[in-house]
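See below for the structure under consideration.
The values are calculated or read from the model by the stated rules, or taken from the named source; none is laboratory data. Bear in mind that the values here come from a model prediction, so they are computed numbers and not experimental data. With ideal geometry, Cβ positions are generated from the backbone for all residues, glycine too; neighbour counts draw on all protein chains shown.
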Amino acid sequence: MPEPFYKAKKAKAQQKWMHPGGKLREKGPETLTNEELLAILISTGIPGKTAEDIAKELLNKYNSFRGLANQPLKKFREIKGLGDVKIIRIASAFEIAKRIVKEVLKEHEKTR
C-alpha cells in the first residue's frame with residue numbers, strides 16, 4: 001500500500017505554508033489546530049479577512065467544534081465572510097463527524 005501523501009519524502013527544502021492545506025499535505029492532519037482545520041473547509045477569505053481569521057472568529061464565538069455543531073446554520077450568516085457555500089461545507093463536515101460517532105458507538109455496543 002502506498003504511503004500517505006503527507007508522509008512521502010519531499011525533494012525540496014521545507015517551505016512556509018500559505019494555507020493550512022499545505023501544512024496538512026506536508027505534516028499530516030493531526031498537526032493542524034482546530035482553526036487550521038476549519039480554515040481548510042472555509043477555503044478562502046474576503047478582502048481584509050483570511051479564511052484563518054474567519055475560522056478563529058467562529059471558534060471564539062462558539063468556543064469549540066461542539067459549540068459550532070450545535071448552532072442553527074442561519075447563525076453562521078452573522079460572520080462576515082461566510083456565505084451559503086462555506087456554511088454548507090462546514091455543516092457537511094459536522095454531519096460526517098456525527099455519523100462517524102454513531103457508527104463507532106454502534107460498534108462499541110455490539111462488543112459489550
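Go through (1) on the phi < 0 side of the Ramachandran plot; (2) more than 13 Å from the chain's Cα centre (by Cα) for A69 and report which single condition fails.
(2)
Working carefully through the options L32, L68, L37, L73, find the one that is of a type outside the set (D, E, K, R), closer than 15 Å to F94 by Cα and modelled with pLDDT of 95 or more.
Testing whether each residue is of a type outside the set (D, E, K, R), closer than 15 Å to F94 by Cα and modelled with pLDDT of 95 or more leaves just L37.
Name the single residue that is surrounded by the most Cβ atoms within 10 Å (Cβ to Cβ) among those in the stretch 89-112 being of a type in the set (A, V, I, L, M) and touching a residue at least 12 places away in the same chain (Cβ under 8 Å).
I90
Among the listed residues K80, K74, identify the single one that is outside any loop (DSSP other than H, G, I, E, B) and basic (K, R).
From the options K80, K74, the qualifying one is K74.
Considering only residues of the stretch 8-29 that are part of a loop (DSSP other than H, G, I, E, B) and not hydrophobic (A, V, I, L, M, F, W, C), which is modelled with the highest pLDDT?
Here the residue is G28.
Can you tell me which of (1) on the phi < 0 side of the Ramachandran plot; (2) modelled with pLDDT under 95; (3) exposed (fewer than 12 other Cβ atoms within 10 Å of the Cβ) is the one N63 doesn't meet?
Exception for N63: condition (1).
With the checklist (1) buried (at least 17 other Cβ atoms within 10 Å of the Cβ); (2) farther than 20 Å from P29 by Cβ; (3) not small (G, A, S) in hand, flag the one item K49 doesn't pass.
Failing condition for K49: (1).
Considering R112, R89, which residue is in contact with a Leu (Cβ under 7 Å, 6 or more places away or on another chain) and basic (K, R)?
R89
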